[in-house]
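Accompanying notes for the structure given below.
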């Protein structure tokens, strides 16, 4: 049976991007949001994805079709509120936000339906990945606590990529692995600054709160990871960046894909790091060739962490 990942992606987005790589202006319309970008990379790594989400309104009808076109299995709750969206202009080479709307907070009924859907699909999957809402107010943090606890306590392997109150909630529920960016730890007051000492202290606290393993990405610096109780530095291959957005989501996706296939934590982090590295060389978020990722895996360094003197 093929390896599978359930992704809890409560509020996907319709993304509209204007580009001009040559003489002609191009318009690109895709599904987006953290869970979508993770699903795209997991699919590229030859693991099947079932994505559990809410969709509503005109944008909801659009996103259902767009997700189906990407070969992702969608289990959807048809919400009473509209799906979020954004419009970006990249004709100058950088992302310029023209307009956006994250979507309205989901109703109690929609949340209940989505919860039951994600629980059923998660218990069938090899790995469960909990991704964040487009905007914190759209989904109550306690849903993540309950879902992580119910999945974990019934034998599922849970990976999460969250920040803020949603991160705190998922740790309380308990999970196999948490990935978080260092700037989010600093922003949320979980790390005093971005020094290695402060980040390691934060990692240890997250472990005590319920995350069995933790990976903290640090932009162009080596990640710091607590894997099976041991601290490591994870050194990524250096590549020329076309767009750094989405690298962290690809990292998490690579980890989830390898775990779903039965790989160990070290192999999962190697693949995730390679996936994040290849993603920055492309303009498509959560995209990358599996053969290029496989070559980069051989160039990822994982070494025991040496504490600062």
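Where a number appears in this text, it was derived from the coordinates with a stated rule and is not lab data. Everything numeric in this text was worked out from a predicted model, so none of it was measured. All Cβ positions, even for glycine, are placed from backbone atoms using ideal geometry, and neighbour counts span all protein chains on display.
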Kindly provide the helix-only [θ] at 222 nm of the chain, computed as the sum of -39,500 (n - 2.57) over DSSP H runs of four or more divided by all residues, to the nearest 500 deg cm²/dmol? -12000 deg cm²/dmol
Classified through the alpha carbon gyration tensor (a ≥ b ≥ c as square roots of its eigenvalues; rounded if a/c is under 1.5, else prolate when a/b is larger than b/c, else oblate), the stretch 212-279 comes out oblate
The stretch 5-304: Rg/Rh from Cα coordinates, Kirkwood Rh? 0.95
Based on DSSP, what percent of beta bridges with both residues in the chain are antiparallel, to the nearest 5? 40
Ranked by Cβ crowding within 10 angstrom, fewest neighbours first, how are 115, 232, 144 ordered? 115, 232, 144
Sorted by average packing, counted as other Cβ atoms within 10 angstrom per residue and highest first, what order do 82-89, 274-281, 8-15, 71-78 take? 8-15, 274-281, 82-89, 71-78
Considering only 162, 66, 51, give the residue with the highest GNM mean-square fluctuation for the chain, with springs between Cα atoms whenever their separation is below 10 Å. 66
